[in-house]
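K.L.:
Input: one structure, supplied below.
What follows is calculated from the coordinates using simple rules that are stated; it is not laboratory data. This structure is a prediction, so every number in the text was calculated from the model and none was measured. All Cβ positions, even for glycine, are placed from backbone atoms using ideal geometry, and neighbour counts span all protein chains on display.
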Amino acid sequence: MLYGIVAAIAALLLTAALAALLRMFALRFGVVERRRLRVVPMLGGVAVVGGTALVAGAGEWTDVAPLGADAGRLLVAGIGVALLGLVADLRAVPLAVQVGGVGVAAALTVPYGELGLLGGVLGVAWIVFVTFAFVSLDHADGVMGTVGVVTAFALSGCAAAEVMDGTAALLSVLAAALTGFLMQGRPPARIVPGRCGALFAGFVLAGAAVVVHGGRETGSGVAALFSLTAVGLVDLALAARGPGGHLAHRLRRGGLTSRGVMVVIGAAAFGGALVGLLIDLGWVEPSAAWWVAGVVAVVVLVGGVGPFSRPRRPYPFPSPGGSAPGPPNARRARPQTPDGLKIPPPDRLRIHSRTG
């Protein structure tokens with residue numbers, strides 16, 4: 001108990017400090033991406049990976065909280081996936097290569113002894129799907145981190161109920177690391193996780209979910225898995241409809257602020273995770289997941305009805321020719337970071353465009 005508290009505090013503070021340091025490094029070397037009218041530093045995922053790996057590795061090395069074979073293999077594979085994401089943040093990596101890399105890592109962590117060959121293949125597909133659902137969530141400030149914190153805490157409870165102490169410890173450390181990252185990544189974000197952080201968090205959470213529920217009955221296991229990851233699946237389904245289809249974008253067009261979007265999506269993730277945890281503990285029947293599935297269906301169907309983008313308002317009024325004149329003596333403002341720090345000239349920036 002004492003080690004868990006110390007480990008959580010250490011992971012939180014270490015990740016927050018690493019995020020602040022890596023933010024300056026990213027600005028110095030132009031590792032940034034564009035979100036709306038802001039240029040935001042990347043490399044926040046390196047802080048999450050570093051905080052999680054160092055604290056969890058310290059517990060394993062000192063034998064105070066050994067991870068065990070399953071959790072240790074999951075952490076190593078997650079670091080490999082994070083390295084692939086870091087390369088994708090710095091260079092253009094085809095999506096097929098990213099999917100293949102995540103698939104190979106998933107194939108090395110799935111418990112085939114409990115799932116069998118067919119179940120193992122389905123588990124690999126599920127891990128890949130959920131991992132990229134977390135990548136999809138990283139299109140708005142703070143959303144992926146908030147969903148990750150909620151899911152990690154719920155999954156750690158599931159692992160503790162199954163007496164998987166190593167997996168529970170790893171998930172608790174990941175939740176604390178994501179919380180520390182949110183100290184810098186909440187709206188307006190001072191740094192974003194990028195593919196590195198999204199792939200790492202999504203892979204560890206999805207892999208841990210398969211490992212924890214591998215030995216359970218099919219009905220309750222599938223119901224809990226679906227409920228725990230419902231928000232990410234909704235976002236991925238909406239994003240597949242076209243540009244601007246992410247859940248966060250639709251909520252912004254509905255009038256919510258960036259922080260409001262983070263709170264609403266976090267609350268939805270909490271509801272789904274709570275249902276999954278209660279199913280896993282046996283306090284509710286697996287049929288409770290049908291309520292989650294119903295909400296998911298309504299959100300996906302209704303969310304696909306509205307327009308993908310709001311019409312732009314002319315400034316200051318439409319001209320007779322139909323085009324809107326620009327403001328007099330207008331000068332294009334240089335992109336700035338949230339706190340107004342100077343960034344390198346455009347020729348030294350490697351900007352990844354994001355619409356969220």
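K.L.:
Relative contact order for segment 160-280: what percent, with Cα pairs under 8 Å and sequence separation of 6 or more? Could the numbers behind the result be given before it?
P.N.:
Values: 69 pairs, mean separation 32.9, N = 121.
So the answer I get is 27 percent.
K.L.:
Taking a ≥ b ≥ c as the square roots of the Cα gyration tensor eigenvalues, with a/c under 1.5 meaning rounded and otherwise prolate when a/b beats b/c, else oblate, which class fits segment 29-79?
P.N.:
Prolate, since a/c reaches 1.5 and a/b exceeds b/c.
K.L.:
In Å and from the alpha-carbon atoms only, list the Rg and Dmax of segment 167-304.
P.N.:
Gyration radius and largest Cα-Cα distance of segment 167-304: 15.7, 44 Å.
K.L.:
Still on this structure: What number comes out for the charge environment of Phe134, summing +1 per Lys or Arg and -1 per Asp or Glu over other residues with Cβ under 13 Å away?
P.N.:
-1
K.L.:
Taking 0.36 nm per residue of separation and subtracting the Cα-Cα distance, what length does fully extending Arg28 through Thr218 add?
P.N.:
Result: 63.3 nm gained on full extension.
K.L.:
With labels modelled as points extended 7 Å from the Cα through the Cβ direction, what inter-label distance (nm, one decimal) is found for Ala240 paired with Arg259?
P.N.:
3.5
K.L.:
Percentage of Cα-Cα pair distances in segment 26-140 greater than 17 Å, rounded to whole percent?
P.N.:
64
K.L.:
Here is a further query. Note the full-extension length gain between Val97 and Leu83 as 0.36 nm times their separation in residues minus their Cα-Cα distance, in nm to one decimal.
P.N.:
Roughly 3.7 nm would be gained on extension.
K.L.:
How many times 2.2 N^0.38 Å is the alpha carbon radius of gyration of segment 163-232?
P.N.:
Numbers: Rg = 14.2 Å, N = 70, 2.2 N^0.38 = 11.1 Å.
Ratio of Rg to 2.2 N^0.38 Å for segment 163-232: 1.28.
K.L.:
Within segment 205-220, list the residues whose amide N lies under 17 Å from a label point set 7 Å along Cα→Cβ of Trp290.
P.N.:
Label zone hits: 219-220.
K.L.:
To continue, here is another question. Between segment 220-290 and segment 138-181, what's the alpha-carbon centroid distance in Å?
P.N.:
The distance from the Cα centre of segment 220-290 to that of segment 138-181 comes to 15 Å.
K.L.:
When 1/r is averaged over all different Cα pairs and the result inverted, which Kirkwood radius in Å belongs to segment 107-251?
P.N.:
15.4
K.L.:
At what distance in nm do the modelled label points of Leu37 and Leu117 sit from each other, each positioned 7 Å from its Cα along Cα→Cβ?
P.N.:
Placing both labels 7 Å along Cα→Cβ, they lie 5.9 nm apart.
K.L.:
As an exercise, take the mean of 1/r over every pair of distinct alpha carbons in segment 217-275, invert it, and state the Kirkwood radius in angstroms.
P.N.:
Working: mean 1/r = 0.0810 Å⁻¹.
Averaging 1/r across every pair of different Cα atoms and inverting gives 12.3 Å.
K.L.:
Would you kindly compute the Cα radius of gyration of segment 1-60 and its largest Cα-Cα separation (Dmax), both in Å?
P.N.:
Every Cα atom of segment 1-60 included, Rg and Dmax give 14.1, 45 Å.
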